[in-house]
There are 2 protein chains.
Amino acid sequence: MVGLRDIREASRRLAGKAHRTPVVTSRTLDELTGQSIFLKAENLQRTGSFKYRGAYNRIVSLSAAERSAGVSAYSSGNHAQAVALAARELGCPCVILMPSDAPMSKLEATRGYGADIVTYDRHAEDREELGRRLAGDRGMVLVPPFDDPLVIAGQGTVGLELLEECGSLDALVVPVGGGGLLAGSGTAARFMCPSTRIFGVEPESGDDTKRSWEKGEIVAIPVPATIADGLQLSRPGKLTFSMNRHLLRDVLLVSDMEIRQAMKFLFERLKMVVEPSGAAAVAAVLSQKIPSTGGRVGVIVSGGNVDVERFCSLIANLPPTG
Amino acid sequence: MVGLRDIREASRRLAGKAHRTPVVTSRTLDELTGQSIFLKAENLQRTGSFKYRGAYNRIVSLSAAERSAGVSAYSSGNHAQAVALAARELGCPCVILMPSDAPMSKLEATRGYGADIVTYDRHAEDREELGRRLAGDRGMVLVPPFDDPLVIAGQGTVGLELLEECGSLDALVVPVGGGGLLAGSGTAARFMCPSTRIFGVEPESGDDTKRSWEKGEIVAIPVPATIADGLQLSRPGKLTFSMNRHLLRDVLLVSDMEIRQAMKFLFERLKMVVEPSGAAAVAAVLSQKIPSTGGRVGVIVSGGNVDVERFCSLIANLPPTG
């Protein structure tokens with residue numbers, strides 16, 4: 001388990017290394033929702049997502065011997081870039097395992113942060129097995145994307161900063177993939193402002209955490225089809241779920257169209273670039289899925305890594321919002 | 001003329017009314033340019049551009065009788081939205097004169113802030129004459145877009161906040177249309193940090209301020225063809241030019257392609273939506289037009305009002321940056 005002390009310690013390690021991202025407000029958003037909305041803009045974090053916090057907190061905690069052997073990770077997304085940059089900043093070798101059909105832009109971005117890339121055929125090979133073997137062969141430590149106490153504590157600094165800036169919140173709304181951001185930030189909120197109601201947000205087709213939460217045990221689903229690629233998980237993590245089941249007030253579901261509308265709103269009114277997964281919690285707020293109380297609602301905008309071409313194809317020609 | 005005292009007074013009036021916009025930094029941008037770049041993000045200002053500052057400062061300074069008669073403005077762009085919202089906030093009637101072929105989105109946005117819209121045929125009618133007549137008929141005060149001491153003092157608060165946050169700057173880089181933002185922010189910099197070198201930035205085809213500055217008197221050019229619609233002026237203002245000619249170290253010119261590359265860079269690396277005019281000063285920095293000194297460079301990002309469709313057509317399919 002992870003407590004407030006672990007999150008505060010992560011916060012000290014991240015000072016000057018990760019951005020303290022701004023909390024953005026919008027009168028239009030407040031008028032539309034009848035609430036006071038505080039957006040924590042992790043799309044403006046280094047590497048373009050909150051993942052940098054957890055990766056850095058994990059790698060900086062390695063022993064000198066472990067650090068010189070290096071780290072590895074399997075990811076085609078934001079975790080890959082986060083581990084690559086954190087490793088470079090800490091002078092630590094880094095290998096990232098990526099599917100051979102990953103978008104060129106993601107390969108390039110990760111290589112640009114100085115990582116070695118090893119590709120695999122995701123139809124023929126098991127990435128977890130490959131990742132473990134790679135870590136074993138080279139003596140490298142595998143940095144997990146969410147199911148790890150130091151990674152969760154790092155992600156918890158998002159919630160910590162939000163509560164520090166806002167003082168108190170009636171609700172906290174967090175996108176849920178593997179559940180690390182929710183476990184960390186939810187824990188920060190639970191300790192700093194115990195009355196905060198904590199909501200997770202998943203894509204309609206990827207409701208593994210909602211089902212697990214309702215059943216009280218981990219439920220696996222097929223890999224969901226959704227534009228929110230960062231939330232395409234088939235089951236929650238063991239450690240994250242064991243924390244989140246006690247933190248959650250409810251899990252809200254959003255459609256891909258609601259996510260696209262939220263991305264367009266964030267573009268037009270807040271002038272921010274947000275990727276589909278990053279806009280999920282805003283989508284829940286904009287589509288009035290949070291019980292309206294006129295209260296203070298913290299919403300995590302978790303990332304902004306999306307190609308120009310994909311972004312434009314997702315938000316062009318939508319009906320007007322607002 | 002406008003002095004630091006006027007700008008400080010504007011700053012007091014704007015407190016809690018305009019956003020104190022963030023100053024954004026990027027290690028990638030610093031590495032690419034060899035300088036420390038501080039971006040003042042006025043695309044995150046209310047109404048999406050710095051124009052709100054000047055409009056509010058002008059309207060709040062009216063007498064009670066003038067305020068109840070109302071204000072007018074002629075603009076199809078950011079000034080229209082700024083005057084409309086400032087008038088609404090101050091409980092003041094507002095009429096905006098717009099060309100009948102202005103984009104529907106701009107008409108809607110301005111109407112959305114509560115203004116009455118009067119359209120005219122821009123091929124057959126003279127907008128300045130119409131604007132003055134409208135102001136006369138209805139007894140309304142015309143709020144000029146730049147050539148006015150209170151408007152300039154309002155725009156100067158952008159430079160004031162940037163210098164307050166950065167402490168000192170070796171250079172300040174500002175997009176130039178009518179010249180109000182440069183006159184105000186340049187004045188703030190001149191008084192607060194006299195060694196700051198002040199650069200204006202114009203589109204290559206719209207170099208009226210550069211020509212005027214070189215000649216030492218106002219030079220008019222045909223209305224320039226450029227994607228930077230906010231900088232499509234054919235001559236500098238009288239008051240703004242009389243100030244800017246003493247402030248400027250140089251006027252730098254950027255091509256439309258350099259502006260588009262800057263917009264794409266801001267999207268990909270900073271996750272910010274910036275309109276063409278708003279990206280002009282960043283374009284000058286990215287294309288290495290500021291003499292490199294390894295110094296501290298303040299850059300004003302002046303606005304972010306651009307339709308999704310136009311934005312996508314401008315930045316899709318460009319060669320990669322950075």
For strands (runs of 3 or more DSSP E) lying entirely in the range A:61-147, having 3 or more residues that are farther than 19 Å from A:Ala18 by Cβ picks out A:94-99, A:116-120
Within the range B:267-283, the residues that are more than 15 Å from the chain's Cα centre (by Cα) and more than 9 Å from chain A (Cβ to nearest Cβ) are B:Ala283
If A:Gly177 satisfies every condition in (1) part of a loop (DSSP other than H, G, I, E, B); (2) under 21 Å from A:Gly206 (Cβ atoms); (3) not assigned by TED's automatic domain parsing to the domain that holds A:Ser234 but one, which is the exception?
(3)
Given (1) among the hydrophobic types (A, V, I, L, M, F, W, C); (2) at pLDDT below 95; (3) not assigned by TED's automatic domain parsing to the domain that holds A:Val274, identify the lone condition not met by A:Val83.
(2)
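Just to be sure before I move on: is A:Tyr52 of a type in the set (Phe, Trp, Tyr), buried (at least 21 other Cβ atoms within 10 Å of the Cβ) and either over 14 Å from A:Val151 (Cα atoms) or within 14 Å of chain B (Cβ to nearest Cβ) (or both) in the structure I sent? Talk me through it step by step, then tell me what you get.
Working: of a type in the set (Phe, Trp, Tyr): yes; buried (at least 21 other Cβ atoms within 10 Å of the Cβ): yes; either over 14 Å from A:Val151 (Cα atoms) or within 14 Å of chain B (Cβ to nearest Cβ) (or both): yes.
Spelling it out, A:Tyr52 is indeed of a type in the set (Phe, Trp, Tyr), buried (at least 21 other Cβ atoms within 10 Å of the Cβ) and either over 14 Å from A:Val151 (Cα atoms) or within 14 Å of chain B (Cβ to nearest Cβ) (or both).
Does A:Gly154 satisfy being under 27 Å from A:Gly16 (Cβ atoms), in the same structural domain as A:Thr196 (by TED's automatic domain parsing) and out of contact with any helix residue (DSSP H, G or I) (no Cβ under 8 Å at 6 or more places or on another chain)?
Values: under 27 Å from A:Gly16 (Cβ atoms): yes; in the same structural domain as A:Thr196 (by TED's automatic domain parsing): yes; out of contact with any helix residue (DSSP H, G or I) (no Cβ under 8 Å at 6 or more places or on another chain): no.
No, not satisfied.
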Just need a number here: residues in the range B:55-69 that are modelled with pLDDT under 95 and either within 16 Å of the chain's Cα centre (by Cα) or over 22 Å from B:Arg12 (Cα atoms) (or both).
3
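Residues checked against (1) surrounded by 22 or more Cβ atoms within 10 Å (Cβ to Cβ); (2) of a type in the set (S, T, N, Q); (3) more than 20 Å from A:Val2 (Cβ to Cβ); (4) within 15 Å of the chain's Cα centre (by Cα):
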site	(1), (2), (3), (4)
A:Gly184	yes, no, no, yes
A:Met192	no, no, no, no
A:Ile198	yes, no, no, no
A:Ala228	yes, no, yes, yes
A:Val254	yes, no, yes, no
Members of the range A:306-317 that are touching a residue at least 60 places away in the same chain (Cβ under 8 Å) and either away from chain B (no Cβ under 14 Å) or among the aliphatic types (A, V, I, L, M) (or both)
A:Leu314
One residue is enough: does the range B:284-305 have a residue meeting the conditions surrounded by 24 or more Cβ atoms within 10 Å (Cβ to Cβ), within 14 Å of chain A (Cβ to nearest Cβ) and within 18 Å of A:Ala316 (Cβ to Cβ)?
yes
Among the numbered conditions (1) in contact with a Ser or Thr (Cβ under 7 Å, 6 or more places away or on another chain); (2) at pLDDT 95 or above, tell me where B:Val95 comes up short.
(2)
For the range B:23-42, name all the residues that are farther than 16 Å from B:Ser185 by Cα and facing another protein chain (nearest Cβ under 10 Å).
B:Val24, B:Thr25, B:Ser26, B:Arg27, B:Thr28
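For B:Leu39, are the conditions met, namely being crowded, with 17+ Cβ neighbours inside 10 Å, of a type in the set (A, V, I, L, M, F, W, C), at pLDDT 95 or above and in contact with a Lys or Arg (Cβ under 8 Å, 6 or more places away or on another chain)?
On the way: crowded, with 17+ Cβ neighbours inside 10 Å: yes; of a type in the set (A, V, I, L, M, F, W, C): yes; at pLDDT 95 or above: yes; in contact with a Lys or Arg (Cβ under 8 Å, 6 or more places away or on another chain): no.
Here the answer is no, as B:Leu39 does not meet what is asked.
Going by the conditions given, is B:Val219 away from chain A (no Cβ under 14 Å), more than 19 Å from the chain's Cα centre (by Cα) and crowded, with 18+ Cβ neighbours inside 10 Å? It would help to see each step written out before you state the result.
Working: away from chain A (no Cβ under 14 Å): yes; more than 19 Å from the chain's Cα centre (by Cα): yes; crowded, with 18+ Cβ neighbours inside 10 Å: yes.
Yes; evaluated as a whole, the condition is true for this residue.
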Taking helices (runs of 4 or more DSSP H) that do not extend beyond the range A:229-322, which have at least 2 residues that are assigned by TED's automatic domain parsing to the domain that holds A:Leu29, within 23 Å of A:Glu31 (Cα to Cα) and modelled with pLDDT of 95 or more?
A:256-270, A:280-286
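The values are calculated or read from the model by the stated rules, or taken from the named source; none is laboratory data. Computed from a prediction, not measured in an experiment: that's the story for all the values here. Note that each Cβ is placed from the backbone with ideal geometry, even for glycine, and that neighbours are counted across all protein chains shown.
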